[in-house]
């Protein structure tokens with residue numbers, strides 16, 4: 001290596017350490033913003049999924065409640081059981097059950113999953129008298145920051161003739 005001339009300029013150790021410290025502070029701020037964006041995105045996605053599951057459950061149950069002529073919800077292990085008679089005197093029975101977070105619909109012996117992540121599903125009144133049915137559905141989605149959505153709907157079944 002050659003000899004260093006006294007007129008040559010360079011960075012001192014203090015200037016290098018100060019530059020590194022400023023770079024570290026800026027990097028930490030950028031990482032904080034990135035983590036917040038990903039966290040809020042995960043929360044938003046979980047809430048959107050909860051809303052979608054609740055809306056799916058409410059839509060399907062509302063359609064069946066509109067048709068119902070007899071509603072029972074005081075049954076062991078069932079959320080609600082709906083019965084109606086078609087024009088050709090065929091009796092239809094639809095049963096909704098809540099199993100391991102899945103709202104299941106059974107119709108003509110075929111069981112389908114209506115919605116998932118359902119934490120609670122309830123239909124009132126217990127003794128149906130032809131008036132409105134209050135349907136309460138809650139979905140919870142997510143593990144780290146769970147997001148919940150609850151909908152309460154009042155549904156008036158078709159009139160009996």
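Among the residues of the stretch 86-111, those identified as surrounded by 10 or more Cβ atoms within 10 Å (Cβ to Cβ) and more than 21 Å from residue 149 (Cα to Cα) are 91, 92, 93, 94, 95, 106, 107, 111.
For the stretch 112-126, how many residues meet the condition of being out of contact with any helix residue (DSSP H, G or I) (no Cβ under 8 Å at 6 or more places or on another chain) and either surrounded by 13 or more Cβ atoms within 10 Å (Cβ to Cβ) or closer than 17 Å to residue 59 by Cβ (or both)? Steps first, please.
Restricting attention to the stretch 112-126, the residues satisfying the condition of being out of contact with any helix residue (DSSP H, G or I) (no Cβ under 8 Å at 6 or more places or on another chain) are 112-113, 119-120, 122, 124-126.
Next, from what is left, pick out any that are either surrounded by 13 or more Cβ atoms within 10 Å (Cβ to Cβ) or closer than 17 Å to residue 59 by Cβ (or both): 112-113, 119-120, 122, 124-125.
The number of residues fulfilling the criteria is 7.
Among strands (runs of 3 or more DSSP E) entirely within the stretch 110-161, having at least 3 residues that are modelled with pLDDT under 85 and at negative phi singles out 118-124. Number of residues in the stretch 68-84 that are within 11 Å of residue 157 (Cβ to Cβ) and either at pLDDT below 80 or not in a strand (DSSP E or B) (or both) equals 2.
Sub-8 Å Cβ pairs linking a first residue in the stretch 80-103 that is touching a residue at least 24 places away in the same chain (Cβ under 8 Å) to a second residue that is loosely packed, with under 12 Cβ neighbours inside 10 Å and not in a strand (DSSP E or B), at least 6 apart or interchain, are 92/86; 92/108, ordered by first then second residue.
Among the residues of the stretch 85-109 satisfying the criterion of being in contact with a strand residue (DSSP E or B) (Cβ under 6 Å, 6 or more places away or on another chain) and farther than 20 Å from residue 152 by Cα, which is modelled with the lowest pLDDT? Taking the candidates together, the pick is 85.
With the structure loaded, tell me whether residue 65 is at negative phi and not in a helix (DSSP H, G or I) or whether it fails that test. When the stated conditions are applied, residue 65 does not pass them.
The values are calculated or read from the model by the stated rules, or taken from the named source; none is laboratory data. Just so it is clear, the structure is predicted and the values come from calculations on it, not from any experiment. Note that we place each Cβ from the backbone using ideal geometry, even for glycine, and neighbour counts take in every protein chain shown.
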